[in-house]
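First up is the structure itself, then whatever we jot down about it.
The values are calculated or read from the model by the stated rules, or taken from the named source; none is laboratory data. In this text the structure is predicted, and so the values were computed from the model without any measurement. Counting neighbours? That spans all protein chains shown, and the Cβs are built from the backbone with ideal geometry, glycine included. Each accessible area value is taken on the protein alone, full model and side chains, heavy atoms only, with ligands, DNA and RNA left out. Shrake-Rupley method; radii C 1.70, N 1.55, O 1.52, S 1.80 Å.
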Amino acid sequence: MNDRLDVADSQQPVAPAGTGTVAIGDGLPRIDAFAKVTGRARYAAEHPAERLLYAVVVNTPVPCGRIASIDPTASLAVPGVVDVMTHLNRPKMRSLDLFYKDMTAPLSGSPFKPLHDDRIHYSGQPVAVVLAETFEAARHAGRLLDVQVAAEPHETNLLVHLDRAREPSSFKAGYSKPPQPRGDADAVWAAAAVRVDAESHAGVEHHNPMELFAATVIRGEDGHLTIHDKTQGSQNSRWIVSRAFGLPASKVTVRNAFVGGAFGSGLRPQYSLLLAVMASLKHHRSVRLVLSRQQMFTFGHRPETWQRVRLAADAEGRLTAIVHEAIAETSRLEDYVEVVVNWSGQLYACDNVRLDYKLVPLDQYSPMDMRAPGAAHGVHALEVAMDELSYAAGLDPLELRLRNYATRDSSKDLPYSTKELHACYQQAAARFGWSRRAKEVRATRDGHEWVGHGMATGMWDAMQMFARARAVLSADGRLLVESAATDIGTGTYTVMAQIAAAELGLALERVTFRLGDSTLPVAPIEGGSSHVATVGSAVKGACEKVRRELWRRAKRHVAGFAKARFVDLDFRDGRVGLRDGGPSVAYEDLLGGEAAIDVKYLLLPNVLKQRKYVRAVHSAVFCEVRVDEALGTVRVVRVVTAVAAGRIINPVTARSQVVGGIVWGISQGLHEETQSDHALGRFMNHNLSEYHVAANADVGHIDVIFVAEDDRVVSSLGAKGVGEIGIVGVAAAISNAIYHATGRRLRSTPMTPDKVMAR
Ligand code: MOS
């Protein structure tokens, strides 16, 4: 057991007494809800420590250049200030890039190393950390710091540098590379009678989870560091800290028991973590570092992306050519690559396909993953172009999709493990009332608003990684299951406890699932909608081992069980029984006098089986918009989405994920964009008053349907994943509905009033 976990720190939520037995597929509320709403759940910045030093980061607004001087005199004169830490007086860190590569998909290039040297790579780069006995003193002193930068010319404007686009260097290794062209898409398109050519632009988006990035580093007497970090993977943060500072793994524990949203921002460790550790090592004290909301705009973002989609169809509306080109920004440090165009070769059946994805390095921080990275842009561009093609071909937009339905993935020439997209179209269309949609555009007006209906398809990958889980059934009949998984608000605590309780036939309140600690059995980062298929399957595997051990003990000790086969047994209500009646025995009685059952299970994906299939999650999104032409405002009054994501373990938490994705789709489609002043090379609206995230008033009625699907190729649970699919296609459905309402085609996001009104 982990001897560093004391009672005060053990915050693992458990279902309230009386919840009783549960099954896979039951809609259960979050077991961590009570701890969260009562404030008992501690987030990264909320853990107490003795003699805590408060750290405040100072950033430079200059996008490119060298630090000429930093004069700390005024800052150090503030009472309570202990130090101004810069690249000149920081503790020793490793300098090789190798030690800064984390466990996420490796980007090619040099990861950003905070306070490494005098080089300025981007506007917003941290250049100093002020340390003080109070947060207020540190913040005040930070404002007084005199930083002089020798500026150099910078380039931050993607659209004027499209001619510099080049292949990502990672394509040489085949990573995320679009498939080779099929047929001759350009020639077929050029000669086609029915065709569209759709160019679009997507603005920069920044992560705005409720919880700010923060790290509390608690230094033990022995120098051990216990770090509460906002991260999507405690073991990833632990790894980077050990590597960057050359500390043995045993000297560092990272915990993330509760995370207030992350959505991809916590996949890579952020500079807040390394700076907090730096301060702790330098001063041999515990340190807390919290970024401000403005500073949330000083690391990774969803990259600005230019796209062009060309589609051609025959007289029946069958796709004859697809050409999808995308150019995205990256930093000069690394090639950030997301799979933007690949889905365009998979989603529909078509013989002539050419996909192209390039990058332009700019003086920016490396972009980073944000919910459905790549698909949120790429599928948007494809699905807007499909809508345009439906009008060019004189077909209903849904009918066009059905005519081009792919039963097999032609880019890889493989079958789908499961694909219930057809049922998604049917069920969502029926619920929405799509057949009653006006055939003509600009046909329906209600008061001062035009009314429009639009639809789009969504697609995301169904991944499984490897993980370990440990299960301990104690003499009191309670079950502890643990894995270094993460719950970024997705419901991991609840769903993992539910899987374990269902597997062993235990009341939910008798199961504790522990996560969020780097010393627990290995688990991947919570990302890519893969946690249930991965950690959930490991939990299931561990519980199966517990059942087998219960069987062995029952055979040994209980009359009537001596000859029982495993398949004859029933595990329910905390008892092992024989299926056809007969004796049963409580788990406690089997454990009496003997040691607890304590097993570990390693989940390795069945790669040999999985690689014979394409594994994906699908959705169909329908929406109604109301457009005020005089004001240019768009209201999304209702959205119906049907999702095929394998077996749904918990429809309550799964629905919550999809609703969150739809809300963000509305936000991406209509509101969110970080605007740059390219003369300064700087993001200007770095706060929530000018960077609008959809609020309740922006969101209409949302209806989520889960289509029946059960995929034992992706996971033994039959589950795929629901974290990302909710957002994919939403902005496209809105765009298509705006066209239906007004006859105005908006392809670029966000579709703000100026674009709606532009002539
Ligand atoms: Mo998600 S962008 O994989 O956290």
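Below, the figures for the structure above:
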{"item": "Residues located in the stretch 347-367, provided they are in contact with an Asp or Glu (Cβ under 7 Å, 6 or more places away or on another chain) and under 27 Å from Arg268 (Cβ atoms)", "result": "Asp356, Lys358, Leu359, Val360, Leu362, Asp363, Gln364, Ser366, Pro367"}
{"item": "Residue count for the stretch 515-533, restricted to those that are more than 10 Å from the ligand (Cβ to nearest atom), under 17 Å from the mean Cα position of the chain (by Cα) and charged (D, E, K, R)", "result": "0"}
{"item": "Every residue from the stretch 312-360 that is of a type in the set (D, E, K, R) and over 19 Å from Tyr391 (Cα atoms)", "result": "Glu325, Glu329, Arg332, Glu334, Asp335, Glu338, Asp351, Arg354, Asp356, Lys358"}
{"item": "Top-ranked residue in the stretch 385-394 [being closer than 30 Å to Arg166 by Cα and either open to solvent by 30 Å² or more (accessible area, probe 1.4 Å) or in contact with a strand residue (DSSP E or B) (Cβ under 6 Å, 6 or more places away or on another chain) (or both); ranked as nearest to the ligand (Cβ to nearest atom)]", "result": "Ala385"}
{"item": "Residues of the stretch 354-373 classified as within 17 Å of the chain's Cα centre (by Cα) and more than 30 Å from Arg119 (Cβ to Cβ), total", "result": "2"}
{"item": "Test: residue in the stretch 395-416 that is under 21 Å from Gln307 (Cα atoms) and within 16 Å of the ligand (Cβ to nearest atom)", "result": "no"}
{"item": "Residues satisfying the stated conditions in the stretch 27-60, i.e. surrounded by fewer than 16 Cβ atoms within 10 Å (Cβ to Cβ) and of a type outside the set (A, V, I, L, M, F, W, C)", "result": "Gly27, Lys36, Thr38, Gly39, Arg40, Glu46, Pro48, Glu50, Arg51"}
{"item": "Residues being surrounded by fewer than 23 Cβ atoms within 10 Å (Cβ to Cβ) and hydroxyl-bearing (Ser, Thr, Tyr) - total across the stretch 140-169", "result": "1"}
{"item": "Residues being open to solvent by 10 Å² or more (accessible area, probe 1.4 Å) and among the charged types (D, E, K, R) - total across the stretch 712-729", "result": "2"}
{"item": "Residue list for the stretch 302-318, restricted to those being surrounded by fewer than 24 Cβ atoms within 10 Å (Cβ to Cβ) and in contact with a strand residue (DSSP E or B) (Cβ under 9 Å, 6 or more places away or on another chain)", "result": "Trp306, Arg308, Arg310, Asp314, Ala315, Gly317"}
{"item": "Every pair of residues 6+ apart whose Cβ atoms lie under 6 Å, when the first sits in the stretch 82-98 and is of a type in the set (A, V, I, L, M) while the second is open to solvent by 30 Å² or more (accessible area, probe 1.4 Å) and in a loop (DSSP other than H, G, I, E, B)", "result": "Val84/Pro72"}
{"item": "Test: Pro29 is assigned to a loop (DSSP other than H, G, I, E, B) and more than 25 Å from Glu136 (Cα to Cα)", "result": "yes"}
{"item": "Lys412 open to solvent by 10 Å² or more (accessible area, probe 1.4 Å), outside any strand (DSSP E or B) and at pLDDT below 95", "result": "yes"}
{"item": "Of residues in the stretch 653-710 being in a loop (DSSP other than H, G, I, E, B) and among the β-branched types (Val, Ile, Thr), the one surrounded by the fewest Cβ atoms within 10 Å (Cβ to Cβ)", "result": "Val693"}
{"item": "Every residue from the stretch 260-299 that is open to solvent by 10 Å² or more (accessible area, probe 1.4 Å), hydrophobic (A, V, I, L, M, F, W, C) and within 16 Å of the ligand (Cβ to nearest atom)", "result": "Phe263, Leu267"}
{"item": "Positions within the stretch 448-461 being within 16 Å of the ligand (Cβ to nearest atom) and farther than 24 Å from Arg431 by Cβ, in sequence order", "result": "Asp461"}
{"item": "Only listed residue being away from the ligand (no atom under 16 Å from the Cβ), open to solvent by 10 Å² or more (accessible area, probe 1.4 Å) and touching a residue at least 12 places away in the same chain (Cβ under 8 Å), chosen from Arg436, Arg445, Arg478", "result": "Arg478"}
{"item": "Options Ala538, Ala542, Ala502; residue that is open to solvent by 20 Å² or more (accessible area, probe 1.4 Å) and more than 24 Å from Pro269 (Cα to Cα)", "result": "Ala502"}
{"item": "Residue in the stretch 105-139 that is surrounded by the fewest Cβ atoms within 10 Å (Cβ to Cβ), counting only those that are farther than 25 Å from Ile525 by Cβ and among the charged types (D, E, K, R)", "result": "Asp117"}
{"item": "Any hit, the stretch 209-218, residues being open to solvent by less than 20 Å² (accessible area, probe 1.4 Å) and in a loop (DSSP other than H, G, I, E, B)", "result": "yes"}
{"item": "Scan of the stretch 303-346 for residues that are of a type in the set (Ser, Thr, Tyr) and within 17 Å of Asp184 (Cβ to Cβ), ordered by number", "result": "Thr320, Ser344"}
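Residues are listed down the side, and each one gets a yes or a no for (1) open to solvent by less than 70 Å² (accessible area, probe 1.4 Å); (2) part of a strand (DSSP E or B); (3) in contact with a His (Cβ under 8 Å, 6 or more places away or on another chain):
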| residue | (1), (2), (3) |
| --- | --- |
| Ala559 | no, no, no |
| Val567 | no, no, no |
| Val576 | yes, yes, no |
| Glu588 | yes, no, no |
| Lys600 | no, yes, no |
| Leu608 | no, no, no |
| Ser619 | yes, yes, no |
| Phe622 | yes, yes, yes |
| Val627 | yes, yes, no |
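Every residue, every condition in (1) closer than 18 Å to His206 by Cα; (2) more than 16 Å from the ligand (Cβ to nearest atom); (3) buried (at least 24 other Cβ atoms within 10 Å of the Cβ), yes or no:
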residue	(1), (2), (3)
Glu329	yes, yes, yes
Asp356	no, yes, no
Met370	yes, no, yes
His380	no, no, yes
